[in-house]
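Working notes, beginning with the structure itself.
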Amino acid sequence: MSVTVKRVKSLLRAARKSRVLVVGDVMLDQFMWGSVKRISPEAPVPVVEFQNETYMPGGAANVARNLTALGAAVNLYGLVGMDEGAKRLKKLLKEDGVDGKGLVSAGDRMTTRKTRVIAHQQQMLRVDRETNEPMSPRTARRMLSSVEKQLDDSCAVIVCDYSKGAVTQELLDGLREQCQSAGVWLSFDPKPAHNLNLAGMSLITPNRGELFALAGLPDEGTSTSLNAAVKGVQDKCDPDIMLVTLSEQGMLLCPRGERPTLIPTVAQEIYDVSGAGDTVIASFTLAIAAGATPAEAAVFSNHAAGVVVGKMGTAVVTPKELSGSFYA
């Protein structure tokens, strides 16, 4: 399965005419960088000498910035607090060209923030600050109304569930009904512990662990168990397409009614896999919106993921980097 550089460039040109709506759990990713030279005398833990810190949009916000990095117009919908984290996140989104007017601020929530402490290119620790309470039905209806106003001008909707409260069954049911009525592609990045009804999705993108959790089966580490899990999820959720990310093994493309196809990874170096799943769902969906076949979109997203895992932090891939990866 291959795609020519000429075809990739054609898809990237078409992507610049696309608008994608991203709905889900937005986050602020904070990275604290330093070095380790000694062990603490207080406890057997390394002492990280702070050097600097950086911030990036995470979760659904990272999906949105992956899309704008590839040239698409994006509207983002999610929940944030009335805090410094929300202000910083909105500023970053504006810099990345993401329309964040769909973010709903709530005084009883904190903006989800993941703080990673990194020394010598290794993650030492992560601290999570979040509010996990599901949003109210009233807020869900408000968000659905906002999405509906943009749907006629959009090629696709991506829903990102990280179980932080923004994705509820009411919201998902409403989005499914809206997309089916408008003939708009609907992608979903699942969180199996949330136990939502995922029927009627155009695309779902579980990783291996999520696939087995969705299927309710143990992972025995064999191709037989993998195929059984794929069939189990297809029978349960019946997506048009399932794209299973398999880390260093690549990804498994599973269209409805067809045999799964393994697409080996093209990553040359792997420094950090954080956010790679965001890149996969963003680039696959955008490729479909640009006119790609599912097989072409899978190769397109496989190359996009291969680029971002070679970077530290929640990264994005540019059109130049993506098209260049097809020469490698």
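Just a yes or no: is a residue in the range 311-325 free of Cβ contacts under 8 Å to residues at least 40 places away in the same chain and under 18 Å from T68 (Cα atoms)?
For the range 311-325, residues free of Cβ contacts under 8 Å to residues at least 40 places away in the same chain and under 18 Å from T68 (Cα atoms): present.
Has the range 12-19 got any residue that is surrounded by 15 or more Cβ atoms within 10 Å (Cβ to Cβ), in contact with a helix residue (DSSP H, G or I) (Cβ under 8 Å, 6 or more places away or on another chain) and not small (G, A, S)?
The answer is yes; a qualifying residue exists.
Where in the range 75-142 are there strands (runs of 3 or more DSSP E), lying fully within it, with 1 or more residues that are of a type in the set (A, V, I, L, M) and surrounded by 16 or more Cβ atoms within 10 Å (Cβ to Cβ)?
Hits in the range 75-142: 99-106, 113-119.
Determine whether the range 160-170 contains at least one residue that is modelled with pLDDT of 95 or more, farther than 26 Å from A295 by Cα, more than 18 Å from the chain's Cα centre (by Cα) and part of a helix (DSSP H, G or I).
yes
Which one of the conditions (1) under 23 Å from V280 (Cβ atoms); (2) in contact (Cβ under 8 Å) with a residue 60 or more places away in the chain does G97 fail to meet, given that it meets all the rest?
Evaluating G97 over (1) under 23 Å from V280 (Cβ atoms); (2) in contact (Cβ under 8 Å) with a residue 60 or more places away in the chain leaves (2) as the failure.
Listed residues A193, A199, A156, A166; which is touching a residue at least 24 places away in the same chain (Cβ under 8 Å) and closer than 17 Å to L286 by Cα?
Values: A193 fails: closer than 17 Å to L286 by Cα; A199 fails: closer than 17 Å to L286 by Cα; A166 fails: closer than 17 Å to L286 by Cα.
Result of the check over A193, A199, A156, A166: A156.
Identify all residues within the range 233-289 that are among the polar types (S, T, N, Q) and modelled with pLDDT of 90 or more; write none if there are none.
Once the filter is applied, which keeps residues that are among the polar types (S, T, N, Q) and modelled with pLDDT of 90 or more, the range 233-289 yields Q234, T245, T261, T279, S283, T285.
Can you tell me which of P190, P134 is on the phi < 0 side of the Ramachandran plot and touching a Pro at 6+ places or on another chain (Cβ under 8 Å)?
P190
Could you tell me how many of the residues in the range 203-230 are free of Cβ contacts under 8 Å to residues at least 24 places away in the same chain, surrounded by 14 or more Cβ atoms within 10 Å (Cβ to Cβ) and not in a loop (DSSP other than H, G, I, E, B)?
7
Scanning the range 143-156 for residues that are hydrophobic (A, V, I, L, M, F, W, C) and part of a helix (DSSP H, G or I), which turns out farthest from G24 (Cα to Cα)?
L151
Suppose we keep only residues that are among the small types (G, A, S) and out of contact with any Asp or Glu (no Cβ under 8 Å at 6 or more places or on another chain) within the range 158-202. Which one would you say is surrounded by the fewest Cβ atoms within 10 Å (Cβ to Cβ)?
G183
Can you name every residue in the range 126-158 that is closer than 17 Å to S181 by Cα and of a type in the set (A, V, I, L, M)?
Those that are closer than 17 Å to S181 by Cα and of a type in the set (A, V, I, L, M): L144, V147, L151, A156, V157, I158.
The values are calculated or read from the model by the stated rules, or taken from the named source; none is laboratory data. A quick note: this is a predicted structure, and the numbers were derived from the prediction, not measured. A quick note on method: Cβ atoms are made from the backbone with ideal geometry, for glycine too, and the neighbour counts reach across all protein chains shown.
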